[in-house]
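Any read-out appearing in this document is the output of simple, stated calculations on the displayed coordinates, not a laboratory observation. Quick caveat: nothing in here was measured; it's all calculated off a predicted structure. Note that we place each Cβ from the backbone using ideal geometry, even for glycine, and neighbour counts take in every protein chain shown.
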Amino acid sequence: MKFTVERNWIDVVGGIWMPYGSKCAMRYDLHSYELECIGKPTRKNVERWIGTHTGDFSSIEDYRAVIGEKEFKWKKEESECIFNDCVYGDSE
């Protein structure tokens, strides 16, 4: 028996409201409703969704998204390091 598991997510790096100016990172798992809201997986549509669904952030600096077979990579190299530092901390 063979089956396929599809996972869709957006990793976001940016500033949070309190304490103001602190860096934060978060992964948003996307389910059928979110995918429907995004529509066709294009960078423009993903950015529009991020702008209306990431209220925990005061500002969005960068993001990485995996939707189906599409992957939108970080725009800045250091964003991946910031994401890993925020999410995983000092763990090895």
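Quick check: is even one residue across segment 65-84 aliphatic (A, V, I, L, M) and loosely packed, with under 12 Cβ neighbours inside 10 Å? Looking for residues that are aliphatic (A, V, I, L, M) and loosely packed, with under 12 Cβ neighbours inside 10 Å, one finds none in segment 65-84, hence no. Criterion first (β-branched (Val, Ile, Thr) and either surrounded by 15 or more Cβ atoms within 10 Å (Cβ to Cβ) or assigned to a strand (DSSP E or B) (or both)) does Val87 satisfy it? Considered against the rule, which asks whether it is β-branched (Val, Ile, Thr) and either surrounded by 15 or more Cβ atoms within 10 Å (Cβ to Cβ) or assigned to a strand (DSSP E or B) (or both), Val87 comes out as no.
No other residue among Glu36, Glu6, Glu80 is in a helix (DSSP H, G or I) and more than 12 Å from the chain's Cα centre (by Cα) apart from Glu36. If you go through segment 10-30 one residue at a time, do you hit one that is small (Gly, Ala, Ser), touching a helix residue (DSSP H, G or I) at 6+ places or on another chain (Cβ under 8 Å), without any contact (Cβ under 8 Å) to a residue 60 or more places away in the chain and surrounded by 11 or more Cβ atoms within 10 Å (Cβ to Cβ)? No - not one qualifying residue is present in segment 10-30.
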